[in-house]
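Notes to accompany the following structure.
The values are calculated or read from the model by the stated rules, or taken from the named source; none is laboratory data. Quick caveat: nothing in here was measured; it's all calculated off a predicted structure. Glycine gets a Cβ as well: all are built from the backbone with ideal geometry, and neighbour counts include every protein chain shown. Remember, those area values only see protein heavy atoms, side chains included, never the ligands or the DNA or RNA. Shrake-Rupley method; radii C 1.70, N 1.55, O 1.52, S 1.80 Å.
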Amino acid sequence: MNKTLILSRHAKSDWSTSASSDHARPLNARGREAAVKIGSWLGTHGYQPRTIFHSDALRTTETAQLISSMFPKVPTLSAEPELYHADPQTILKLVAIQADNLTMIVGHNPTIALTAQILASTPAKHARFADYPTGATTVFNFDFVNWNEIAPKTGAITNFVIPKEL
């Protein structure tokens, strides 16, 4: 059975807010619109996770909420504190213990970009894949039975999209 992994960077955050910390920074209006576009695009293409794992930072929580609101069946949101300031190995460990065939993670750069680059058997043919702007989303297909087989260079990129192009 094939596995699908969606890696999404949080949408554009609001730097003009009086948030008490980086962790508490919310999305701005453009970010909220971008998250809805990503969710709509994922839903239209049939990518329906049962659970979206996200950092517990406000901007990733809001991104996950807005993305999930666009799916026909709203997924469970799972705030994972270890995804804030994580490294790619943390993401791989989280994915390795999943049971669902489709897993989605919303996180931060540089971790999301590095994880996408590490997993890609061939990089996406897109000028923005390397810098992974806010809202960027990669969909990977893996040809294995269990998530614990996830390893570098094992993911085939089936889609890469940025909100600006939607």
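The single residue among L77, L27 that is aliphatic (A, V, I, L, M), open to solvent by 10 Å² or more (accessible area, probe 1.4 Å), touching a residue at least 12 places away in the same chain (Cβ under 8 Å) and over 17 Å from L166 (Cα atoms) turns out to be L77. What tally of residues in segment 102-118 results from selecting those that are surrounded by fewer than 18 Cβ atoms within 10 Å (Cβ to Cβ) and either at pLDDT below 95 or among the hydrophobic types (A, V, I, L, M, F, W, C) (or both)? Adding up the residues that qualify gives 2. Output yes when any residue across segment 134-143 is touching a strand residue (DSSP E or B) at 6+ places or on another chain (Cβ under 8 Å) and on the phi > 0 side of the Ramachandran plot, and no when none is. Yes, the conditions are met somewhere in segment 134-143. In segment 34-47, the residues that are touching a residue at least 60 places away in the same chain (Cβ under 8 Å) form Cβ pairs under 9 Å with partners that are open to solvent by 50 Å² or more (accessible area, probe 1.4 Å) and part of a helix (DSSP H, G or I), at six or more places apart or across chains, as follows: A34/K164; A35/Q65.
When the test is whether a residue is within 13 Å of the chain's Cα centre (by Cα), open to solvent by less than 40 Å² (accessible area, probe 1.4 Å) and within 25 Å of A130 (Cβ to Cβ), A57 does not pass it.
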